[in-house]
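I have placed the structure first, in the form of C-alpha cells, so that the comments after it can refer back to it.
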Amino acid sequence: MSDTISEELISSKIYFIRGQKVMIDSDLAEMYDVETKRLKEQVKRNIKRFPPNYMFELTKEENNVLRSQNATLKQGQHSKYSPYVFSEHGVLMLSNVLKSSRAIETSIRIIDVFIKLREMIISQKDILLKLEQIDNKIIHLGLDVKSHDGEIETLFELVDEIRKESEKPKKLKRIPIGYKLPKPKK
C-alpha cells in the first residue's frame with residue numbers, strides 16, 4: 001500500500017461500545033479513501049452481510065457520549081445521522097463489499113491491530129489469574145498478610161484494585177502497539 005496506515009492511528013480509532021471493540025464509519029471511510037456516504041450505501045445494499053454483532057447504529061445518547069469524549073467529533077462537522085460502528089468482523093466484511101484493493105489492504109491492517117489488542121487483553125487476564133492463584137495460596141496457607149512489613153498487604157491491595165478496574169467497563173485505552181513502519185519510498 002503506497003501510504004500505509006499506522007497501527008497507532010488504527011488503534012486510536014478503536015472504541016469500546018456495548019461491550020465490543022468497534023470502529024466508526026467515518027473513520028473507516030477515511031482510511032478506505034471513500035466518502036462516508038458511499039460506505040453506508042454499500043452497507044445498506046449488502047445489509048444481510050452485517051448482523052448486529054458485525055455492525056450497529058449508535059443511539060443518540062451513545063453518539064453524544066462519543067462526541068463529548070472525542071474532541072475531533074464536534075457537533076455540526078459530521079453527519080446529522082448517528083454513525084454506524086463496525087466490529088472486527090464487520091471491518092472484514094466491509095472489504096468484501098467495497099472491493100477496492102485499498103479497502104482490502106486497509107482491512108487486513110485493521111484486523112491485525114484487533115488481533116494484537118485481543119492478545120494484550122488475554123495476557124492481562126493471565127496475569128490477573130496468576131495473582132489470584134497467589135492470593136488463594138496465601139489464604140490457604142493461613143499466612144497473616146499484615147505481619148509481613150506491609151509489603152504483601154500492599155501487593156494484595158494492588159491486586160484488588162486491578163480486579164476492580166478490570167471489572168469496570170471503560171473506554172479502550174490508546175496504547176501504541178507494535179512497531180513503526182518505515183515511510184514508503186516515492
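Just so it is clear, none of the values below were taken in a lab; they were calculated from the coordinates. What you see is a predicted model; the values in this text were computed from it and never measured. All Cβ positions, glycine included, derive from the backbone under ideal geometry; neighbour counts span all protein chains shown.
Quick look at the values:
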| read-out | value |
| --- | --- |
| Restricting region 1-47 to trypsin sites (Lys or Arg not before Pro) in coil, as DSSP defines it, with at most 16 other Cβ within 10 Å | ARG18 |
| Distance violations [Cα-Cα > 23 Å] among LYS21/LYS48; LYS21/LYS183; LYS13/LYS60; LYS60/LYS116; LYS37/LYS99 | LYS21/LYS183; LYS60/LYS116 |
| Approximate shape of region 21-65 as ellipsoid semi-axes (Cα gyration tensor, √5λ), whole Å, largest first | 17, 15, 10 |
| Segment VAL65-ILE122, extension gain: residue separation times 0.36 nm, minus the distance between their alpha carbons | 17.8 nm |
| MET55 long-range amide H proximity, modeled H, under 5 Å | SER87 |
| Virtual spin-label span in nm between ASP135 and LYS183, 7 Å along Cα→Cβ | 4.9 nm |
| Under-5 Å amide H pairs with ILE17, H placed in peptide plane, nonlocal only | VAL22 |
| Efficiency of FRET from Cβ geometry, ILE111 and LEU158, R₀ 35 Å, rounded to 0.05 | 0.55 |
